[in-house]
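Please read the structure below before turning to the comments.
The values are calculated or read from the model by the stated rules, or taken from the named source; none is laboratory data. Because the structure is predicted, anything quoted here is derived from the model rather than measured. For neighbour counting, all protein chains shown are included, and Cβ atoms are generated from backbone atoms with ideal geometry for every residue, glycine included.
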Ligand code: SF4
Ligand code: SF4
């Protein structure tokens, strides 16, 4: 029997995490993501998991990584200013390849900005927020059901690939309540990281394996390995030898290319014959969906390209979806972030931004107007 | 809950990663002595290396974790206590020891220290206080003695200093103590008691940075610095004597505070059991 | 013993840190106070745990001016430790003084003049009998063993107080009342018994030596087993910081011309491990192998 309930986007992230096997959450209150923490505080003890509200955003990121170093599936959630604070430790998780999931519910910025108003201003921060070249995966759900299923997928990816995964939602999606069928969403399998189980003698925690994802040495299993944020050798110990350092760094970024098929996810609608493609994520993509219907009813061949995996950006899928299109419009609640990437990938196409930073969501009508302008 | 006492003679080489030696610390740096005392305490408690987790931050102190033959985690600047909190909650079967420095735990990580004390989660924090940011070339730290020279106090330090042990005590740490490196056996015993304590334990080690801080302030070579640090301490045995034959401003050493507040991990797990019991 | 016509009664109590010299003198002072005497007590303490000497002068009478007892004027010398008894014996009044000493020996660290491991400590060699020949009256008694037989070593002080009670004219009840107020409740019974035993032992004669006194001494040989020391230096780890060189109590290490530590006076090394413990680079390893005692 289907289990249909009304659920909020933030809560769906929490339930998705629990379904994916998350047993540890560390967080810090911040609008508009606090419901994730509240739901985790309620749900985790029921399954014998651990919730802790840490003293600050930095500590909650640290504690989550610490618990993951202990072998648990972990998550934290935050919003703009908190996401900025978490960046250093996020870089640590990327460099040291510690699995973790971060929910970032985007609000108006910069600084304290408009805490209760939606925005999509963290698209670049999610990719490049921490310093240095690093691997990271960013998922962008656009509905409550997707908040659940993309959080599940975030755990699958972080555990499988040992890369931190950010689930990037905007305030509208985070606070949206929709009816979902939890049973239908329940993951059919649980993906858990590969723990080291070979001989401890000569074990290398960052060995170059075929899949470029080294098995994780769980403390207590006898490996006694070293984990550091310094650039390290396969042995886990720091190096400044140029060729070795580069090889070590490149493996962590190359592993995303190797597993691109696993990571990439897009929704493409009505792009086959489209003259104009609306490329967008989150709530703006939903407005885009309505705009496509409206445009089609007016005789304009419009299509929708919606990355569910925003970073690494689904380049091939974008190129395929926009093949016949004359123009691409990128609506987003910022002054133009995703559009930069689309422009970069579609050098010979006419790419147009549609930015909005007034604390209101983009409406389908605004997109229709923009498309009409562009096609004129 | 702690392992039994080990009678076998302590051999440091059983507890360090020989392939990482010699370590990178400067000649005469007291951190090495503190590390010996720590591992000696671990040995005496009979702690299994596989169950030992050493978490450190950034700075000279932060590098020590790499030399310990255990599960070692060299984390970000100021945050080892935050990482350790997650690790200790996730894995109550591990013995979690944090190695940090005065800059790491009192400046950038001060917030984590006070909340770790308040929370009283079972772990031990060894803070190596050498009064200086050594790794970055010798800048003033929250514990740099007044008027001393550093690269960022070229005319002498004008800021007041932190008393880390008073801070930890006030914040509610279950066990607080201080010792100089010269008293290596006393330090070992103090660390042993700290690790054995069920709750958050904080041990400040007065360590010498000869090469940078000592040189800049004419404090002499390592043996001289160690002896003067020792002379500046007020041993535990004389703490409460009335006829004080010591300098009134001498630092107290030994165990400074102990209270048996509930350990946080156990408290949380009891709540979980209660909730799950109700649910069943 | 009656109060001397021309002055206060002088009781000198001596021992080493941690034994309870202060407690014994407080008991006596309170007892005297309870009897309306003026009391002066002056002491040196603070040497706890270090085996250092501790002494307390107790003077009481109808009026007392000076707080300290001049040499040769103590009416009673109470010593909780044998060597301390001998050290202070000249404070006793040679004509009228009474000597009360526990024969137990606590060898102070500074008695280890020869620092080789296993070397004998320098400690007074006179037997209790030899000492007693030179005092007018008193007791060389094994108070510690008496107390141990009762089940609590710490009651040795009360055994000595029992002996002392014979030399002062306070009633047994008065003594017990004061002692009761000083000892922890759970050991009151043992202390009552200890007092009785000490008093009984002393009542058997004005001058007694316990010929069987074990003198429970500790010799250097017992403190430190004789060992063979092997000192190894991992030269690749040594950074020449000079700590071992300066901290070695025997000064038997030095830096060679490569500024690496080396043992240049192996014979002086006692195997104390100071260098091993204080080397920040773990470069020194000491192995002490016990040597079998040569047959006597
Ligand atoms: S203490 Fe150690 S590092 Fe320093 S000189 Fe001696 S052996 Fe060398
Ligand atoms: S063990 Fe070391 S410190 Fe002790 S006497 Fe020998 S050389 Fe000197």
Every residue from the stretch C:265-284 that is more than 10 Å from ligand 2 (Cβ to nearest atom) and either more than 9 Å from every other protein chain (Cβ to nearest Cβ) or outside any loop (DSSP other than H, G, I, E, B) (or both): C:267
Filtered residues of the stretch A:233-250 (kept if farther than 23 Å from residue A:310 by Cβ and touching a residue at least 40 places away in the same chain (Cβ under 8 Å)): A:248
Residues located in the stretch B:112-137, provided they are more than 15 Å from the chain's Cα centre (by Cα) and surrounded by fewer than 21 Cβ atoms within 10 Å (Cβ to Cβ): B:115, B:118, B:135, B:136, B:137
Set B:81, B:38, B:64, B:89: member being in a helix (DSSP H, G or I) and within 7 Å of chain A (Cβ to nearest Cβ): B:89
Residue that is farthest from ligand 1 (Cβ to nearest atom) [pool: residues in the stretch C:269-291 that are surrounded by fewer than 20 Cβ atoms within 10 Å (Cβ to Cβ) and more than 29 Å from the chain's Cα centre (by Cα)]: C:291
Verdict on residue C:234 being more than 9 Å from chain B (Cβ to nearest Cβ) and touching a strand residue (DSSP E or B) at 6+ places or on another chain (Cβ under 8 Å): no
Residue check for residue C:257: more than 8 Å from ligand 2 (Cβ to nearest atom), more than 13 Å from chain B (Cβ to nearest Cβ), part of a loop (DSSP other than H, G, I, E, B) and without any contact (Cβ under 8 Å) to a residue 40 or more places away in the chain: yes
Test set (1) at pLDDT below 95; (2) part of a strand (DSSP E or B); (3) within 10 Å of ligand 2 (Cβ to nearest atom) - residue C:228 fails condition number: (3)
Residue check for residue C:241: within 14 Å of chain B (Cβ to nearest Cβ), modelled with pLDDT of 95 or more, within 16 Å of ligand 1 (Cβ to nearest atom) and assigned to a loop (DSSP other than H, G, I, E, B): yes
Qualifying residue in the stretch A:267-283 (condition: away from chain B (no Cβ under 14 Å), without any contact (Cβ under 8 Å) to a residue 40 or more places away in the chain, out of contact with any strand residue (DSSP E or B) (no Cβ under 7 Å at 6 or more places or on another chain) and not in a helix (DSSP H, G or I)): no
Tally, over the stretch A:43-65, of residues that are part of a strand (DSSP E or B) and either in contact with a helix residue (DSSP H, G or I) (Cβ under 6 Å, 6 or more places away or on another chain) or facing another protein chain (nearest Cβ under 7 Å) (or both): 3
